[in-house]
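Read the structure below first, then the notes.
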Amino acid sequence: MSAAPGILLRDICKTYRSRGSEVVALKDMNLVCPPGSFTALIGPSGCGKSTAMRIALGLEDHDSGEVRIAGQAPATATASGITGVAFQDAALLPWRTVARNIALPLEVLGRDPGRYAHEIAKLIELVGLKGYEQSLPGQLSGGMRQRVSIARSLITSPEVLFMDEPFGALDQIRRRQMNVELQRIWQETGSTALLVTHGIDEAVFLADYVVVMHANPGRVVEVIEVPFPRPRSDDLYSAPEFHALTDRIAKVLHGH
Ligand SMILES: Nc1ncnc2c1ncn2[C@@H]1O[C@H](COP(=O)(O)OP(=O)(O)OP(=O)(O)O)[C@@H](O)[C@H]1O
Ligand SMILES: [Mg+2]
């Protein structure tokens, strides 16, 4: 693992231009995620969270500023399997079974999925989909598809893990279970994680740093450090200091 920040975005500007209209999605966006840290990115709809993530993945160009992923150019990091990603809309291939969707990043990297049967089975169990290995995405619920997407993002043991609202379709109970699981997986892998979420609870439960963005133009307004020791358990959700911190973040988020 390199000593460079897992994720570095420096003074990123991004304007979307289409016939006659311009949207300034990001203006001087800054984000530094130390190696092995967990960062949650939170902000109102349209503030540029997904844009920032796509730029960090090399899926979108930016107008100015610097991007490094584990010290490398984003496209290089993505192409070499340093990055793993789980998107908002699970984005599974409908004609592939659960197991073969999870194996996809291996094939993209030119690895033989047959050698990863054990890892695939372990991840399927981890996300609670044992028995569904041979199911097609169309036979699953939205929440189940999201869990496949999370398993897929982890199959290459990525050094940097990007997650864009991966738990959006889950009910609160399953979501909290997944948060505990995700924390455990992240601690085991030692990866640098960036999670986009609308849930302040989820952000505080999981993250070392909660980064709050505002819109128009999209930018970071505050970085809040989360001091709670790990591993964090479900009990944390009912602790007074947990609520004090989520209240503080809600104020920053809503600009009070
Ligand atoms: N491909 C695009 N073309 C034009 N404008 C875009 C494009 N993608 C995003 N935008 C605009 O850029 C801004 C930021 O969008 P983005 O998707 O990054 O927001 P977000 O913070 O992820 O929102 P949400 O929480 O709803 O997912 C929005 O105003 C959006 O309309
Ligand atoms: Mg988004």
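The values are calculated or read from the model by the stated rules, or taken from the named source; none is laboratory data. These numbers were taken from a predicted model, which means no experiment stands behind them. Backbone-built Cβ (ideal geometry, glycine too); neighbour counts: all protein chains shown. Just the protein is used for accessible areas: all its heavy atoms, side chains included, with ligands, DNA and RNA removed. Shrake-Rupley method; radii C 1.70, N 1.55, O 1.52, S 1.80 Å.
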(Q) Among the residues that make up the stretch 223-231, is at least one of them within 22 Å of residue 151 (Cβ to Cβ) and in contact (Cβ under 8 Å) with a residue 24 or more places away in the chain? (A) yes
Q: Please find, among 109, 41, 123, the residue that is open to solvent by 40 Å² or more (accessible area, probe 1.4 Å) and among the aliphatic types (A, V, I, L, M).
A: 109
Q | residue 124 vs. criteria at pLDDT 95 or above, within 22 Å of the chain's Cα centre (by Cα) and either assigned to a helix (DSSP H, G or I) or not assigned by TED's automatic domain parsing to the domain that holds residue 164 (or both) | A | no
Q | Hey, residue 202 out of contact with any Pro (no Cβ under 7 Å at 6 or more places or on another chain), assigned to a helix (DSSP H, G or I) and within 16 Å of ligand 2 (Cβ to nearest atom) or not | A | yes
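Looking at 203, 215, 169, which is the one that is modelled with pLDDT under 85 and within 16 Å of ligand 1 (Cβ to nearest atom)?
169
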**Q.** Answer from 202, 188 - the residue that is among the acidic types (Asp, Glu) and under 17 Å from residue 165 (Cβ atoms)
**A.** 202
(Q) For the condition within 16 Å of ligand 1 (Cβ to nearest atom), among the aliphatic types (A, V, I, L, M) and either over 17 Å from the mean Cα position of the chain (by Cα) or within 22 Å of residue 176 (Cα to Cα) (or both), what is the one hit in 148, 85, 108? (A) 85
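Which residue is modelled with the lowest pLDDT, if the candidates are limited to the stretch 127-150 and must be open to solvent by 50 Å² or more (accessible area, probe 1.4 Å) and among the polar types (S, T, N, Q)? Step through it out loud before you land on a result.
Here is the first cut: in the stretch 127-150, the residues open to solvent by 50 Å² or more (accessible area, probe 1.4 Å) are 130-134, 136, 138-139, 141, 145.
Of the ones still in play, those that are also among the polar types (S, T, N, Q) are 134, 139, 141.
Details: 134: 97, 139: 95, 141: 89.
Taking the candidates together, the pick is 141.
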Q. Going through the stretch 44-64 one residue at a time, which ones are at pLDDT 95 or above, open to solvent by less than 40 Å² (accessible area, probe 1.4 Å) and more than 11 Å from ligand 1 (Cβ to nearest atom)?
A. 56
(Q) Filter the stretch 165-189 down to the residues that are surrounded by fewer than 22 Cβ atoms within 10 Å (Cβ to Cβ) and within 16 Å of ligand 2 (Cβ to nearest atom) and list them by number. (A) 165, 168, 169
Q: Kindly list the number of the only condition in (1) surrounded by 18 or more Cβ atoms within 10 Å (Cβ to Cβ); (2) over 19 Å from the mean Cα position of the chain (by Cα); (3) not in a helix (DSSP H, G or I) that fails for residue 216.
A: (1)
Q) Taking residue 192, is it within 15 Å of the chain's Cα centre (by Cα), open to solvent by less than 60 Å² (accessible area, probe 1.4 Å) and in contact (Cβ under 8 Å) with a residue 40 or more places away in the chain? A) yes
Q.
I want to confirm something. Restricting to the stretch 72-81 and keeping residues that are surrounded by fewer than 22 Cβ atoms within 10 Å (Cβ to Cβ) and modelled with pLDDT under 95, which single residue is nearest to ligand 2 (Cβ to nearest atom)?
A. 75
Q: Could you check, for the stretch 152-162, whether at least one of its residues is within 16 Å of ligand 2 (Cβ to nearest atom), open to solvent by less than 10 Å² (accessible area, probe 1.4 Å) and in a loop (DSSP other than H, G, I, E, B)?
A: no
**Q.** Neighbours by Cβ (under 8 Å, 6+ apart or cross-chain): first from the stretch 7-25, farther than 14 Å from residue 217 by Cα; second among the basic types (Lys, Arg) and at pLDDT below 95
**A.** none
